[in-house]
Ligand SMILES: [Zn+2]
Ligand SMILES: [Zn+2]
């Protein structure tokens, strides 16, 4: 049995767990919608996700103590770049200040309404908040 195949199995299992987690989070807010998000080249979200992947690949990520070498569901946020935590530590990703809660991750302006979104990238759940103007007008993502 190849090590690579075992790793791939674990990766897919973790990615499935991430999807399950995403659905569970969506159920907390009945108005929320799960959809596949198109990521056209040059879009802000695509760049963010590329950054998440690059950080994991370059091994510059900072993990909570519970994240092991084998693939598992991990959480990260636009306002805490390079920080990856397990479900138990997700509270530690909270924004440090209330001002930050109302700051758009894309335009970095303060707004009264910030839309928080979570997107799954394989086993990684990436959270971000954008103002109404910065949200994708087609998908609301
Ligand atoms: Zn942890
Ligand atoms: Zn914005």
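The values are calculated or read from the model by the stated rules, or taken from the named source; none is laboratory data. Note that this is a predicted model, so its numbers are computed, not measured. Positions of Cβ are backbone-derived with ideal geometry, glycine not excepted, and every protein chain shown enters the neighbour counts.
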Query raised in the report: Pick from 75, 84, 126: which is within 14 Å of residue 46 (Cα to Cα) and in contact with a strand residue (DSSP E or B) (Cβ under 7 Å, 6 or more places away or on another chain)?
Result: 126
Report summary line: Reported set for region 97-141 where residues are in contact (Cβ under 8 Å) with a residue 60 or more places away in the chain and within 16 Å of ligand 1 (Cβ to nearest atom) is 123, 124, 125
Query raised in the report: Do the conditions hold for residue 86, that is, is it closer than 14 Å to residue 126 by Cα and either surrounded by fewer than 15 Cβ atoms within 10 Å (Cβ to Cβ) or within 16 Å of ligand 1 (Cβ to nearest atom) (or both)?
Result: yes
Report summary line: Considering residues that are more than 13 Å from residue 125 (Cα to Cα), in contact with a helix residue (DSSP H, G or I) (Cβ under 8 Å, 6 or more places away or on another chain) and modelled with pLDDT of 85 or more, the number found within region 1-39 is 0
Requested in this report: Confirm whether residue 93 is away from ligand 2 (no atom under 16 Å from the Cβ) and free of Cβ contacts under 8 Å to residues at least 12 places away in the same chain.
Outcome: no
